[in-house]
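Note sheet for the following structure.
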Amino acid sequence: MSEFDLLASQWEDAYRAYTAAEDANRYAGAVDPEKVARLAVSCREVASVWRNLAALPKTDWWAKAAALHAADMFEHHAAATETRTLGWQEGR
């Protein structure tokens, strides 16, 4: 299995975990810290695989840019989810 194929498989697994966490969080009550934590972790896992795909030597420049942008968006989603949860927990 090539490095790309391995990373593609890791991305699929990470994205499935993210989708499951997103769905579970969507139907959670106002605050469910465990579900929110799983969502943030799964976002960061997807971001990590995007960065690893971008780092492959044979990845074209435009694909690197797209993968890095996707990674940034998943990192932002994780941070925003955590920030929103902190606000709920502090009564904001």
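The values are calculated or read from the model by the stated rules, or taken from the named source; none is laboratory data. The shown structure was predicted, so the numbers you read here are calculated from the model rather than taken from an experiment. Ligands, DNA and RNA are excluded from the accessible area calculation, which covers all protein heavy atoms including side chains. Shrake-Rupley method; radii C 1.70, N 1.55, O 1.52, S 1.80 Å.
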*Over the chain, what is the mean sequence separation of C-alpha contacts under 8 Å (at least six apart), divided by residue count, expressed as relative contact order in percent?*
31 percent
*How would Leu39, Leu6 rank on accessible area, largest to smallest, probe 1.4 Å?*
Leu6, Leu39
*Backbone HN-Hα couplings from phi across the stretch 67-84 [Karplus 6.51/-1.76/1.60, Hz, Gly and Pro as x]*: 5, 5, 5, 4, 4, 4, 5, 5, 5, 4, 4, 4, 5, 5, 5, 5, 5, 4
*Which angle between 0 and 90 degrees, to the nearest 10, do you get for helix 3-26 versus the longest principal axis of the chain when only C-alpha atoms count?*
20 degrees
_the chain, helix-only ellipticity at 222 nm - DSSP H runs n ≥ 4, -39,500 (n - 2.57), divided by all residues, nearest 500_ = -29000 deg cm²/dmol
*asked:* Quick check: the angle from helix 33-54's long axis to the longest principal axis of the chain, C-alpha only, nearest 10 degrees?
replied: 20 degrees
